[in-house]
Amino acid sequence: MYYRMIRNDMARSKVVTLTTMLFITAAAMLVSLAAILIIHLTGAIDTLMTQSKTPDFLQMHSGSVNEERLEAFAEENAAVEAYQLAEFLNVENNQILFNGRPLQGNVQDNGFSIQNETFDYLLDLDGKRINPLDGEVYVPISYRKEGIEAGDAALICGKEFTVAGFLRDSQMNSLLASSKRFLVRPNDYEELKPFGTIEYLIEFKLKNREALSLFEAAYAEAGLEANGPTLTYPLFVTLNAVSDGLMIAVILLISVLTVAIAFLCIRLTLLAKIEDDYREIGVMKAIGLRLSDMKKIYLSNYAVLAAMGSGLGYVLSLVFQDRLIENIRKTLGESQYGYAAPMLGAVGALLIFLAVTVYVNGVLNRFRKISPSEAIRFGNTQAKGKGSKGFRLSRNRRVNINVLLGVKDVLSRMGLYTTMLVIFILAVFIMLVPRNLYNTVASPAFTSYMGIGQCSIRMDLQKSGYGSEGGLGERAEAIAKTMESDDEIDRYVVLTTKVFEVITDTDNKERLKIELGDHSVFSVNYTQGRGPKTDDELAISVLNADELSKRTGDSLAVIIDGKEKHFTICGIYSDITNGGKTAKAVFSNSSAEEIWCVIYASLSDERNADRKVSEYRALFADVKVTGVDEFVSETFGATIAAVEKASVVAAGVAILVTGLVTLLFMQMLVAKDRYSIAVMKATGFHNSDIRHQYLARVIFVLAAGVLLGVFLANTLGEMLAGSVISSFGAASFQFIVDPIFSYLFCPLVLFGTVILAASAGTARAGSIRISDHIKE
Amino acid sequence: MKQIIIAKNIIKAYGEGQEKRNVLDGVSITVGQGEFLAVMGPSGCGKSTLLFALSGMDGIDSGSVTFEGQELSGLKEKEFADLLRRKMGFVFQQPAMLKNLNLLDNILLPAFRDNGKNAAGIKEKARALMKKTGIEELEERGMTQVSGGQLQRAGICRALMNDPVVIFGDEPTGALNSKSSQEIMDLFTQINREGTAVLLVTHDAKVAAQTERVLFMRDGKIVREMRLSKDLGNKITGDNVAERTRKITQTMAEIGG
């Protein structure tokens, strides 16, 4: 009997059935996909990091090293399982040519290494440790996108190589990691050595990773080589996970919204159905059918829909998974838990099935409230609509009668329209949040969230390039002088980073890199407080603030020239540069050890940025000159493109959902309101009047939805997007809203869609015959 | 007398194939200006269908219906809706009203469609009609807060808002008790005396007895016609009405209703 009832029901309301199933399918597909992707991503990262034996602690160091002292430290420290000192040979990008084209303009620090002996292996695409032959070079996997292929000719510092293949580097795979390692055979490496500068990678593998923070403290305490960023295992995991993790986050977000929409659709159709069947339900209750028996009839209907939808969604997720996993496979390799992915996907789809069933069961509890006598006598609920009092035709002066009747209907049947309102709010939300996120990430001001002032040119001077003490400062001064006399340079600032010791709350000494100079010229965005203005103020990066447990207003003791000096924390900012542990101050100091120097400049005409970058590259060949646009596009380009793609897809989904839901809702409403429509027609209203009334209803609801949606997108959405952005290292976040999209395009498109869908949905309102519904 | 409705040989069938049955089987009828007539017949004889066909609310399969010289089937949807609203009034057995409007707003509905700018004028008119029908105190009430008789009066007010040429009543007293029923009939009589044609469908002989012409239907055909004088005689004693009622009941029995 159930089967017959289900089949009849589905045949009777095809659009409703199809739309509901579509949403369940989409929800199941997305949840299953997210589950599959999470398994692959975590599995692939895990596999890669296990196979390559990623170090737990890495200290990059420029300058000379005391190998014996390091070895002694490693031997004495009980936590150390293995230690090695690897080299990274920094080579100028214009010295690296593939197929005759130099890597110049590339913002990465490219360098050469040899395969490590005990851990931190560079792997081939099959996860095997690579041992290059003479004249062979292995290229980081991220360069595959640049069109480099195995077999290509490479010319490095004048020596010919052949590209033997690509390598995966568990430390530097991500585009967000600023260095890239190329792998060559030791004897080739020796030949390249004179052409580059050596940076040391002091690497430790620990017996127990949980002891990492203790080990970090011990390393700092020992006063060992630390002229460069310090990186740890968790950071490598994050770097590897960010790009694809962001995609998964977006899919999860969309799937949550789709599940919400699917539920709302079910609620809408189910409530309408209960209202339609009100009398029958009353009769069933009156003849003594049990609540559970009655529920079973409706539940079986939705259980079949949910089962079909979830099943189909799961199958679709298996069809689409390859495309989405492709990037993970390429950059990170295969997941060791790959076999479990389809199972977890199935669990995701099953969860959707269960959630739908439980939800329907919950909605059906309304049966309890139905009074059999009322249902049989009146055939509907006698509960009166609220909120429309005072909104009277008789008090109307100006408003068109169809608009008035439409709005009045919405106000008097709020419960019915609330579902639709929520769906519209969600649609606006889905449309605006990814778009605003994209707009923010793509905006030039965004770099200021990342610890980079909003400028056009950035010049990096590493200490390793200038052997003698003070060499760095001299070079920076020379650049500053050139800029001073350059009319095209609008403003510039020289910021020198020096290392100081600070005293932590636990009375330990830690090294802190403080960037000295005028930070007001190209200010970064401060999460809390502001930049340093006086000599006793210090701004610290979020990572340092966390580590030192400091907030704005707190005091921090820094040892300068052997004396303790107390600074007030005036601001906290996000930083992704140089390992993220930085600080900013304005005091001048000539005694502390300087490690690097950055020069920021803006141009009077930003259009000349590219030319100016080349000009300075030619003038100061030893300095890394980067156009900030270029830096952003190379570092975040892929992410920005992914976010843009996601925002376009999300907008498409939102428009589709809005259209479908409007169509569904209007058809249901027309079916429900047959009697009222007949009354309208009998009193001489045109079919177009009736359509206009329905349009007025849906436009009124949409207008409210757009207003609320825009508000929520700019508040709650900003918070949500902020949490996604924080995965890049930026903690404070404000949307840079695209006003044309948010306040013009999005509402216009939604209104257009709704008008079209409502017109289609109410097309049959005119064919309702008066006599069919009024004649006794 | 000027004829406002002329229906010729109307045929309307329901059902398909072997189930097909002519509900109206070649009906011809005229309604004159200011005329008061009733259609009677047993259940299922097609009297309500005839009323809906004459008003144009229901289409017909063949034949013709003209209203003031205009062929109804030739009108476009908008032209017909305008005609319906401006020239015809309809009172149904169950008060067909919008639940989310109060009584006054329901009455105002057809007038507002054309004349929303003169809100004060039409409101005044609606209030005058409500006073005339004895429901002036109820304008703020909702559908569930008044009696069936009061709703039916509101329905009559709504039908009269645009000064129609004819009022159609589909068993307007069918759901009322005899006291309310008589009050409604008194109203129809009064409306008719003021010049509006009234065409009622009823199965109540006493209702039909108060009109001036009664048409008897059976199996989709008009089988008999009875002309009555417009003068009802002594209303207080109701003698004349009682006599007419007896005659009508007898005719009904003769045609098998």
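Evaluate the following for A:Leu748: is it away from every other protein chain (no Cβ under 14 Å), more than 29 Å from A:Leu405 (Cα to Cα) and not hydroxyl-bearing (Ser, Thr, Tyr)?
no
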So A:Leu472 ticks every box in (1) of a type outside the set (Val, Ile, Thr); (2) over 37 Å from the mean Cα position of the chain (by Cα); (3) surrounded by 14 or more Cβ atoms within 10 Å (Cβ to Cβ); (4) farther than 23 Å from A:Asn227 by Cα but one. Which box is left unticked? (4)
For the list (1) at pLDDT 80 or above; (2) touching a Phe, Trp or Tyr at 6+ places or on another chain (Cβ under 7 Å); (3) open to solvent by 10 Å² or more (accessible area, probe 1.4 Å); (4) not assigned by TED's automatic domain parsing to the domain that holds A:Ser723, I need the number of the one condition that A:Met483 fails. (3)
Do we find a residue being of a type outside the set (Val, Ile, Thr), in contact (Cβ under 8 Å) with a residue 40 or more places away in the chain, more than 7 Å from chain A (Cβ to nearest Cβ) and assigned to a loop (DSSP other than H, G, I, E, B) anywhere in the range B:82-101? yes
Out of contact with any Ser or Thr (no Cβ under 9 Å at 6 or more places or on another chain), over 29 Å from A:Phe236 (Cα atoms) and not in a strand (DSSP E or B) - does that describe any residue in the range A:569-588? yes
Please state which one of B:Ile122, B:Ile107, B:Ile167, B:Ile184 is crowded, with 21+ Cβ neighbours inside 10 Å and outside any helix (DSSP H, G or I). B:Ile167
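Yes or no, residue by residue, for (1) surrounded by 20 or more Cβ atoms within 10 Å (Cβ to Cβ); (2) under 33 Å from the mean Cα position of the chain (by Cα); (3) basic (Lys, Arg); (4) not assigned by TED's automatic domain parsing to the domain that holds A:Ile595:
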position	(1), (2), (3), (4)
A:Tyr492	yes, yes, no, no
A:Ile503	no, no, no, no
A:Lys509	no, no, yes, no
A:Ile514	yes, yes, no, no
A:Ser541	yes, yes, no, no
Looking only at the range A:190-220, and only at residues there that are open to solvent by 10 Å² or more (accessible area, probe 1.4 Å) and among the hydroxyl-bearing types (Ser, Thr, Tyr), the one that is nearest to A:Ala621 (Cα to Cα): A:Thr197
Any chance the range A:210-219 includes a residue that's assigned to a helix (DSSP H, G or I), within 30 Å of A:Leu155 (Cα to Cα) and of a type in the set (D, E, K, R)? no
Answer from B:Thr173, B:Thr202 - the residue that is out of contact with any strand residue (DSSP E or B) (no Cβ under 6 Å at 6 or more places or on another chain), open to solvent by less than 40 Å² (accessible area, probe 1.4 Å) and not aromatic (Phe, Trp, Tyr): B:Thr173
Can you tell me which residues in the range A:549-575 are closer than 30 Å to A:Val632 by Cα, of a type outside the set (Gly, Ala, Ser) and crowded, with 21+ Cβ neighbours inside 10 Å? A:Ile569, A:Cys570, A:Ile572, A:Tyr573, A:Asp575
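Okay, residues lined up against (1) surrounded by fewer than 23 Cβ atoms within 10 Å (Cβ to Cβ); (2) within 14 Å of another protein chain (Cβ to nearest Cβ); (3) charged (D, E, K, R):
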position: A:Asp409; (1), (2), (3): no, yes, yes
position: A:Gly415; (1), (2), (3): yes, yes, no
position: A:Thr418; (1), (2), (3): yes, no, no
position: A:Phe429; (1), (2), (3): no, no, no
position: A:Leu432; (1), (2), (3): no, no, no
position: A:Arg435; (1), (2), (3): no, no, yes
position: A:Ala442; (1), (2), (3): yes, no, no
position: A:Gln454; (1), (2), (3): yes, no, no
I'd like to check which strands (runs of 3 or more DSSP E) are fully inside the range A:35-142 and have at least 3 residues that are outside the structural domain of A:Glu326 (by TED's automatic domain parsing) and over 26 Å from A:Thr626 (Cα atoms). A:80-90
Please determine, by comparing only the residues of the range A:634-648 that are open to solvent by 40 Å² or more (accessible area, probe 1.4 Å) and either in the same structural domain as A:Cys597 (by TED's automatic domain parsing) or in contact (Cβ under 8 Å) with a residue 60 or more places away in the chain (or both), which one is nearest to A:Leu748 (Cα to Cα). A:Glu644
Against the condition without any contact (Cβ under 8 Å) to a residue 60 or more places away in the chain, more than 10 Å from chain A (Cβ to nearest Cβ) and touching a Cys at 6+ places or on another chain (Cβ under 8 Å), how does B:Thr173 come out, does it pass? no
Restricting the range B:133-155 to residues that are within 13 Å of another protein chain (Cβ to nearest Cβ) and either among the basic types (Lys, Arg) or within 15 Å of the chain's Cα centre (by Cα) (or both), the one farthest from B:Arg86 (Cα to Cα) turns out to be B:Arg141
Step by step: first the residues of the range B:42-81, then only those that are at the interface with chain A (Cβ under 7 Å from one of its Cβ atoms) and open to solvent by 50 Å² or more (accessible area, probe 1.4 Å), then the one that is farthest from A:Lys408 (Cα to Cα). Which residue is that? B:Glu77
Which one of these does B:Glu19 not meet: (1) open to solvent by 10 Å² or more (accessible area, probe 1.4 Å); (2) out of contact with any helix residue (DSSP H, G or I) (no Cβ under 8 Å at 6 or more places or on another chain); (3) on the phi > 0 side of the Ramachandran plot? (3)
Here are some conditions: (1) in contact (Cβ under 8 Å) with a residue 60 or more places away in the chain; (2) surrounded by fewer than 21 Cβ atoms within 10 Å (Cβ to Cβ); (3) assigned to a helix (DSSP H, G or I). A:Leu224 meets all but one. Which one does it not meet? (3)
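The values are calculated or read from the model by the stated rules, or taken from the named source; none is laboratory data. Note that the coordinates shown come from a computational prediction; the quantities given were computed from them, not determined experimentally. Using ideal geometry, Cβ is built from the backbone for each residue, glycine included, and neighbour counts are taken over all protein chains shown. For the accessible areas, the whole protein counts, side chains as well, though only heavy atoms, and no ligand, DNA or RNA atoms are used. Shrake-Rupley method; radii C 1.70, N 1.55, O 1.52, S 1.80 Å.
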